[in-house]
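The values are calculated or read from the model by the stated rules, or taken from the named source; none is laboratory data. Fair warning: this is a prediction, and the values are worked out from it, not measured in the lab. Positions of Cβ are generated from backbone atoms using ideal geometry, with glycine treated the same way; all protein chains shown enter the neighbour counts. With ligands, DNA and RNA removed, areas are computed over all heavy atoms of the protein, side chains included. Shrake-Rupley method; radii C 1.70, N 1.55, O 1.52, S 1.80 Å.
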Amino acid sequence: QVQLVESGGGLVQAGGSLRLSCAASGSVWKINAMGWYRQAPGKQRELIALITSGGSTNYAVSVKGRFTISRDNDKNTLYLQMNSLKPEDAGVYYCNLDSFGNNYWGQGTRVAVSS
């Protein structure tokens, strides 16, 4: 069983920065990719950033150039550095682990951005 625990959310002023973390534990033998998803109030959950097992990254257009996804394999931790935050970046951020057909989710961490 895999567990993902996000942290690092909070309230920040527009233009500010936050770093989210996702600590993974449990037995995961093969990881296809890990990603960060965001769900804003009244909207569907959307993919924000993805990092593959090979280290390739992809970003949603709305965050490209402002957010950076990274991982520390030794610590089994995924990160999302968010800079130049905007009010529209607010929402609950979820960590996802794709293990070739098995998808695992964290409980989410809330980000609020004041204008």
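Give all pairs with beta carbons closer than 8 Å in which a residue from the range 93-110 that is within 18 Å of ALA60 (Cβ to Cβ) meets a residue that is basic (Lys, Arg); count only pairs at least 6 apart in sequence or on separate chains.
Final answer for the pair search is TYR93/ARG38; TYR93/ARG110; TYR94/ARG38; TYR94/ARG45.
Determine, yes or no, whether GLY42 is closer than 17 Å to VAL111 by Cα, over 11 Å from the mean Cα position of the chain (by Cα) and open to solvent by 50 Å² or more (accessible area, probe 1.4 Å).
Yes: the conditions hold for GLY42.
Mind listing just one residue for me: the one in the range 7-36 that is part of a strand (DSSP E or B), open to solvent by 50 Å² or more (accessible area, probe 1.4 Å) and among the hydroxyl-bearing types (Ser, Thr, Tyr) and, of those, nearest to ASP89 (Cα to Cα)?
SER7
When residues of the range 83-106 are filtered for being open to solvent by 40 Å² or more (accessible area, probe 1.4 Å) and either in contact with a strand residue (DSSP E or B) (Cβ under 6 Å, 6 or more places away or on another chain) or within 16 Å of PRO41 (Cβ to Cβ) (or both), how many remain?
Qualifying residue count, the range 83-106: 5.
Please state which one of LEU47, LEU80, LEU4 is in a strand (DSSP E or B), under 16 Å from the mean Cα position of the chain (by Cα), surrounded by fewer than 17 Cβ atoms within 10 Å (Cβ to Cβ) and of a type in the set (A, V, I, L, M, F, W, C).
LEU47
State which residue pairs qualify: first residue touching a residue at least 60 places away in the same chain (Cβ under 8 Å) and closer than 18 Å to LEU11 by Cβ and inside the range 64-89, second residue charged (D, E, K, R) and not in a loop (DSSP other than H, G, I, E, B) in any location, beta carbons under 9 Å apart, and separation of 6 or more residues or different chains.
LEU80/ARG19; GLN81/ARG19; MET82/ARG19; MET82/ASP89
Only one residue in GLY54, GLY65 is open to solvent by 20 Å² or more (accessible area, probe 1.4 Å), on the phi > 0 side of the Ramachandran plot and either out of contact with any Lys or Arg (no Cβ under 6 Å at 6 or more places or on another chain) or assigned to a strand (DSSP E or B) (or both). Which one?
Among GLY54, GLY65, only GLY65 is open to solvent by 20 Å² or more (accessible area, probe 1.4 Å), on the phi > 0 side of the Ramachandran plot and either out of contact with any Lys or Arg (no Cβ under 6 Å at 6 or more places or on another chain) or assigned to a strand (DSSP E or B) (or both).
Anything in the range 83-111 that is assigned to a strand (DSSP E or B), hydrophobic (A, V, I, L, M, F, W, C) and either touching a Lys or Arg at 6+ places or on another chain (Cβ under 9 Å) or over 13 Å from TRP36 (Cβ atoms) (or both)? List them, or say none.
The answer is VAL92, VAL111.
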